[in-house]
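Here the structure is laid out as structure tokens; the discussion comes afterwards.
The values are calculated or read from the model by the stated rules, or taken from the named source; none is laboratory data. As the structure is a computational prediction, the values presented were derived from the model and not from experiment. So basically every Cβ, Gly included, is an ideal-geometry build from the backbone, and we count neighbours across all protein chains shown.
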Amino acid sequence: MENKIIDESKQGEALEIKSSETLPSNGKKLFLESYGCQMNFADSEIVASILIDKGYTTTTDYKEADLIFVNTCAIRENAESRVRQRLYDYKKVKRKNKDVLIGVLGCMAERLKHQFLEQEKLVDMVVGPDAYRDLPNLIAVAEDGQQAINVILSKEETYADISPVRLDHNGVSAFVSIMRGCDNMCSFCVVPFTRGRERSREPETIVRECREAFDKGYREVTLLGQNVNSYLWSGGGLKKENLTDEQRAISTTFAQLLEMVALINPDLRVRYSTSHPKDMGDDVLYTMAKYDNICKCIHLPVQSGNSDVLEKMNRGYTREWYLDRIAAIRRILPDASISTDIITGFCGETEAQHQDTLSLMEEVKYEFAYMFSYSERPKTLAERKYEDDVPSEIKSRRLTEIVDLQRKHSEIRTKEGLGKVFRVLVENVSKKSIEMMSGRNSQNTIVVFPKGNLKKGDYVNVLVTSCTSGTLIGECV
Ligand code: 5AD
Ligand code: SF4
């Protein structure tokens with residue numbers, strides 16, 4: 001079943017950082033591997049920054065590392081199993097050299113701390129997503145032969161002042177965290193338990209980080225948060241629900257932040273992820289319409305097309321509300337592409353409710369979707385309240401139906417690009433041929449075109465002459 005799922009959580013990726021030329025090396029090598037969502041990869045850039053400051057250099061071979069860190073994801077059971085397997089690989093290194101230190105970072109830390117540290121003795125350190133500033137201290141504790149742990153979740157930490165070390169491979173697209181945590185409590189989701197309460201980062205530090213990326217040659221920033229539409233900065237420590245009308249009036253909203261970042265430079269593209277339909281207001285759509293450099297691409301996870309299931313999921317909207325938001329996007333941003341997340345086989349989901357998801361997909365015809373079988377997660381509302389009662393064969397069959405329908409829609413949407421001219425940001429040499437380059441258009445579709453004199457970070461207008469199921473092919477005009 002796994003290979004049928006179009007899974008957004010990336011496979012583990014080892015990240016290589018060139019060590020700073022100005023800082024003295026401590027002679028130790030760090031292996032840092034990340035799993036899960038873009039936020040996790042952005043967090044790894046913070047971790048890298050903190051450890052490079054302490055003199056670490058990096059390696060992409062865990063067998064030669066002095067320090068092995070894995071930044072983990074807990075969103076579905078299979079994400080956790082992959083990480084566990086990796087920990088057994090690392091353990092073999094430790095058997096050969098007991099001075100090697102192994103640490104688990106991120107979303108699995110809180111739940112599995114005792115198991116990893118005490119029961120299975122797989123790791124020396126367990127560090128939650130709000131405790132990365134404490135890493136140098138925790139490493140010192142572990143070097144002393146003691147178990148090191150910090151999984152305290154913070155209400156304030158945003159790492160606002162830390163300049164991340166960019167770990168991407170192309171030097172063109174950077175990811176910038178604008179908030180942390182989530183307060184939504186969707187009943188299926190473990191994130192509020194692993195990443196804590198929602199908090200927004202000070203806008204000036206976000207704009208500064210984006211400007212620095214642009215000055216270093218980056219041409220695209222993606223603003224990241226679990227629910228960016230509820231971004232609100234009202235001064236440090238002030239909670240949204242306690243704001244007076246006056247404080248609210250001078251707060252920075254997501255639409256305003258988006259505008260501030262768009263104004264840095266017209267050649268800096270701006271994307272964001274992820275939106276929540278309940279908070280997706282027209283203000284953001286109008287800001288997107290106003291600036292050419294804000295990409296016309298919206299990821300709006302629906303999860304289910306049935307209002308009763310949505311209520312059980314505690315999503316805070318109905319099918320009708322969601323479709324109204326889609327209509328607003330089509331009205332204000334007629335060129336926008338829309339993608340989504342869908343969970344199939346949630347507790348008690350009937351065949352008719354599953355059909356509602358398929359019919360909603362028909363109505364929207366998403367460009368793209370991440371599709372998952374429901375996976376029960378510990379501590380969540382659904383785990384406590386509902387039975388995970390859709391048999392796995394049925395989940396699997398429904399998922400196949402959803403994936404097949406999405407494949408059809410993606411093809412239809414890709415074909416709509418034929419004959420059109422798109423402004424494309426050049427990102428890479430094409431995987432298929434060194435004579436070709438690839439990049440993406442504003443709608444986030446991959447476009448392939450002849451190399452000519454183009455280099456990464458350039459913009460080029462491409463007339464689309466043919467396509468495959470998901471890629472546009474064309475010539476520069
Ligand atoms: N089971 C399956 N999918 C899940 N997601 C979140 N929690 C679960 C779960 N327990 C999916 C949702 C979310 C995406 C990031 O992961 O679709 O939008
Ligand atoms: Fe999870 Fe819902 Fe928050 Fe997304 S919005 S992280 S699905 S609780």
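Assess whether Ala255 counts as being over 29 Å from Arg319 (Cα atoms) and out of contact with any Leu (no Cβ under 6 Å at 6 or more places or on another chain).
no
Name the single residue, out of those in the range 181-200 being in contact with an Asp or Glu (Cβ under 7 Å, 6 or more places away or on another chain) and away from ligand 1 (no atom under 14 Å from the Cβ), that is nearest to Pro378 (Cα to Cα).
Gly196
Scan the range 224-252 for residues that are in contact with a Leu (Cβ under 6 Å, 6 or more places away or on another chain) and in a helix (DSSP H, G or I) and report the count.
1
Can you pull out every residue in the range 253-280 that is within 13 Å of ligand 2 (Cβ to nearest atom), touching a Pro at 6+ places or on another chain (Cβ under 8 Å) and assigned to a helix (DSSP H, G or I)?
Pro277 - this is the single residue of the range 253-280 that is within 13 Å of ligand 2 (Cβ to nearest atom), touching a Pro at 6+ places or on another chain (Cβ under 8 Å) and assigned to a helix (DSSP H, G or I).
If the Cβ limit is 6 Å and pairs must be 6+ apart or interchain, which residue in the range 72-89 that is over 23 Å from Val100 (Cα atoms) pairs with which residue that is among the charged types (D, E, K, R) and at pLDDT below 90?
Between residues of the range 72-89 that are over 23 Å from Val100 (Cα atoms) and residues that are among the charged types (D, E, K, R) and at pLDDT below 90, the close pairs are Ala74/Glu80.
So Ile394 clears everything in (1) touching a strand residue (DSSP E or B) at 6+ places or on another chain (Cβ under 7 Å); (2) more than 30 Å from Gly474 (Cβ to Cβ); (3) surrounded by fewer than 17 Cβ atoms within 10 Å (Cβ to Cβ); (4) of a type in the set (A, V, I, L, M) except one condition, right? Which one?
With respect to (1) touching a strand residue (DSSP E or B) at 6+ places or on another chain (Cβ under 7 Å); (2) more than 30 Å from Gly474 (Cβ to Cβ); (3) surrounded by fewer than 17 Cβ atoms within 10 Å (Cβ to Cβ); (4) of a type in the set (A, V, I, L, M), Ile394 is out only on (1).
When you look at Arg86, is it within 30 Å of Ile178 (Cβ to Cβ), more than 16 Å from ligand 1 (Cβ to nearest atom), part of a helix (DSSP H, G or I) and under 26 Å from the mean Cα position of the chain (by Cα), yes or no?
For Arg86, the condition - within 30 Å of Ile178 (Cβ to Cβ), more than 16 Å from ligand 1 (Cβ to nearest atom), part of a helix (DSSP H, G or I) and under 26 Å from the mean Cα position of the chain (by Cα) - is met.
Do you know which of the residues in the range 298-321 that are in contact with a helix residue (DSSP H, G or I) (Cβ under 9 Å, 6 or more places away or on another chain) and closer than 22 Å to Val176 by Cα is nearest to ligand 2 (Cβ to nearest atom)?
Here the residue is Pro301.
Here are some residues: Phe372, Phe422. Which one is aromatic (Phe, Trp, Tyr), modelled with pLDDT of 95 or more, closer than 22 Å to Lys296 by Cα and not in a loop (DSSP other than H, G, I, E, B)?
From the options Phe372, Phe422, the qualifying one is Phe422.
State which residue is farthest from ligand 2 (Cβ to nearest atom) when the search covers only the range 200-223 and only residues that are buried (at least 23 other Cβ atoms within 10 Å of the Cβ) and part of a strand (DSSP E or B).
So, considering only residues that are buried (at least 23 other Cβ atoms within 10 Å of the Cβ) and part of a strand (DSSP E or B), the one farthest from ligand 2 (Cβ to nearest atom) is Glu220.
Name the single residue that is nearest to ligand 1 (Cβ to nearest atom) among those in the range 376-400 being assigned to a loop (DSSP other than H, G, I, E, B) and either closer than 17 Å to Arg315 by Cα or touching a His at 6+ places or on another chain (Cβ under 7 Å) (or both).
Applying the filter and picking the extreme gives Arg377.
Name the residue, out of Asp341, Asp324, that is within 16 Å of ligand 2 (Cβ to nearest atom), assigned by TED's automatic domain parsing to the domain that holds Arg208 and not hydrophobic (A, V, I, L, M, F, W, C).
One residue alone meets the criteria, Asp341.
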